[in-house]
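What follows is one structure encoded as structure tokens, with my remarks underneath.
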Amino acid sequence: SPLSLELLPTDPLLLILSFLDYRDLVSCCYLNRRLNQLSSHDPLWKRHCKKYWLISEEEKSRRNQSWRAIFISTYSDLGRYIHYYATLKKAWDDLKQYLGQWCPRMISSLKESVREEDLDAVEAQIRCKLPNDYRCSFRIHNGQKLVVPGLMGSMALSNHYRSEDLLDIDTAAGGFQQRLGLKQCLPLTFCIHTGLSQYMALESVEGRNKYEIFYQCPDQMARNPSAIVMFITGTSYFEWFTSYVNKVVTGGYPIIRDQIFRYVHDKDCVATTEDITVSVSTSFLPELSSVHPPHYFFTYRIRIEMSKDALPENACQLESRYWRITNAKGDVEEVQGPGVVGEFPVISPGKVYEYTSCTTFTTTSGYMEGYYTFHCLYNKDRFFNVTIPRFHMVCPAFKVSTA
């Protein structure tokens, strides 16, 4: 005779149910009385609470509810974000933990979460739907106050400073664009020094993909003032935000003066000569670049370090620099001169010297390499060259607005 579900022992059935996703577990409630009772077994819902909502044992105790009740109540509030919430919440938690250690001032600039009705009101205001990944992030934190330094990174040169804030939802809605060239684009970031923003396209218009994120750059050679070039920085809010946070919390960006500086370091871009190691990180500056006419602006940060195990008599001073600069067409420019950025740093065991400089290319990419000439402090007649590793600079992908 066929085996009845009612006769099967409880433990194997619970084990089977423990492999089901939350949707299938809910479906089981409607099949028969036995499965309804089993699928309400509270430990089955613990895994889903932890996986989708990052609910800890401590939070469960504080809320004094069953795992099943917590899952259902959280789902009723955040259910539309179930595919994004855990990853975005972890990204925010990791970021705050990192900032607490390295940039504590920035934590106080973060704003509390917004409600569903606040996001609905913004959609009604701009007459455009916000993507769920964006909405989900703002249910966790409503961006930050307009302060310096900005959460989304800084960049500083001798006469130029950029620091990008992650805009709160109301400020972003106030900057929503309907003008030709930037139609239906929502600003995500803003720099109060340069006026620079990263925008997210809420519709596929004017040559943009829906939810694409970009810096806008005026086309200086076009007669039409609405003609812009877009330097693409992300394909969706989720990808854009989580990849940035990952870069920050894994130490991919240096922290300088309590700020996140968006210099990218290629781990292969290191050269050691005797006791001295030179490493380079680079950054593209969209706000100082142009596609028409071609003018691509890069800044680079160089770290010169003498091994702490070096002998004290190996202390030396930088005398001059030599650069060989090659663009994508193979054109070569050579530069020689005394010191670096007007300085002649002394390097001794364990000592580090860092400086920043910049260069421009008429091609979308290029590379630099060269050497520094040092003289020994304890043997003035001894000069030697220290290799600067080849480092490449590449402009991000861009496209021209079809407005």
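The values are calculated or read from the model by the stated rules, or taken from the named source; none is laboratory data. Owing to the predicted nature of the structure, the values given are computational and were not obtained by experimental measurement. All Cβ positions, glycine included, derive from the backbone under ideal geometry; neighbour counts span all protein chains shown. Only protein heavy atoms, including side chains, enter the accessible area calculation; ligands, DNA and RNA are left aside. Shrake-Rupley method; radii C 1.70, N 1.55, O 1.52, S 1.80 Å.
Taking chymotrypsin sites (Phe, Trp or Tyr not before Pro) as exposed when their DSSP state is a loop state and no more than 11 other Cβ atoms lie within 10 Å, the longest site-free interval of the chain runs over 31-377.
In this structure LEU15 has an accessible area near 100 Å², from a 1.4 Å probe over the protein heavy atoms.
What separates the Cα centres of the range 205-260 and the range 164-197 is a distance of 12 Å. Taken per residue, the accessible surface of the chain reaches 49 Å², heavy atoms only and a 1.4 Å probe. The stretch between ASN246 and VAL341 holds 31.0 nm of extra length on full extension. This uses 0.36 nm per residue minus the Cα-Cα distance. A Förster distance of 51 Å, applied to the separation of the beta-carbon atoms of THR171 and SER40, puts the FRET efficiency at 0.70. Accessible area per residue was computed with a 1.4 Å probe on protein heavy atoms; ASP77 scores about 70 Å².
Which FRET efficiency, nearest 0.05, do GLN101 and SER348 yield, Cβ-Cβ r, R0 45 Å? With R0 = 45 Å, the Cβ-Cβ based efficiency is 0.95. The modelled label-to-label distance between ARG390 and SER226, using points 7 Å beyond Cα along the C-beta direction, is 4.6 nm.
The candidates LEU157, LEU146, LEU119, arranged from most to least accessible area with a 1.4 Å probe in the full protein assembly, appear as LEU146, LEU157, LEU119.
Computed about the Cα centre, the dipole magnitude for the chain is approximately 820 debye when only Lys and Arg (+1) and Asp and Glu (-1) carry charge, each at its Cβ. In the context of the full protein assembly, MET368 retains an accessible surface of approximately 0 Å², using a probe radius of 1.4 Å and ignoring ligands and nucleic acids.
Per-residue ellipticity at 222 nm computed for the chain from its helices equals -8000 deg cm²/dmol, with DSSP H segments shorter than 4 residues left out and the rest contributing -39,500 (n - 2.57). In a fully extended conformation the segment linking SER108 and ILE255 would gain 51.2 nm over its present Cα-Cα distance, using 0.36 nm per residue.
Summing charges over neighbours of CYS103, with a neighbour being any other residue whose Cβ is under 15 Å away from its Cβ, gives +2 when K and R count +1 and D and E count -1. Separation of the range 11-25 and the range 296-375 by C-alpha centroid, Å? Taking the Cα centre of each part, the range 11-25 and the range 296-375 sit 61 Å apart. Placing unit charges on the Cβ atoms only, positive for Lys and Arg and negative for Asp and Glu, gives the range 86-246 a dipole magnitude near 200 debye about its Cα centre.
With a simple spin-label model that places each label point 7 Å from the Cα along the Cα-to-Cβ direction, the separation between GLU334 and LYS210 comes to 5.6 nm. Accessible area of the chain with a 1.4 Å probe: how many percent of it is carbon plus sulfur? Using a 1.4 Å probe with all protein chains present, the chain comes out at 51 percent carbon and sulfur. Between ILE325 and VAL147, the C-beta separation translates, for a Förster distance of 30 Å, into a calculated FRET efficiency of about 0.20. Here the gap between THR235 and HIS292, fully extended at 0.36 nm per residue and compared with their Cα-Cα distance, gives a gain of 18.1 nm. Oblate is the label for the range 33-140, because the ratio a/c of its alpha-carbon gyration tensor axes (a ≥ b ≥ c) is 1.5 or higher and a/b is not greater than b/c.
Taking label positions 7 Å along the Cα-Cβ direction at both ILE16 and SER56, the computed distance is 3.7 nm, reported to one decimal.
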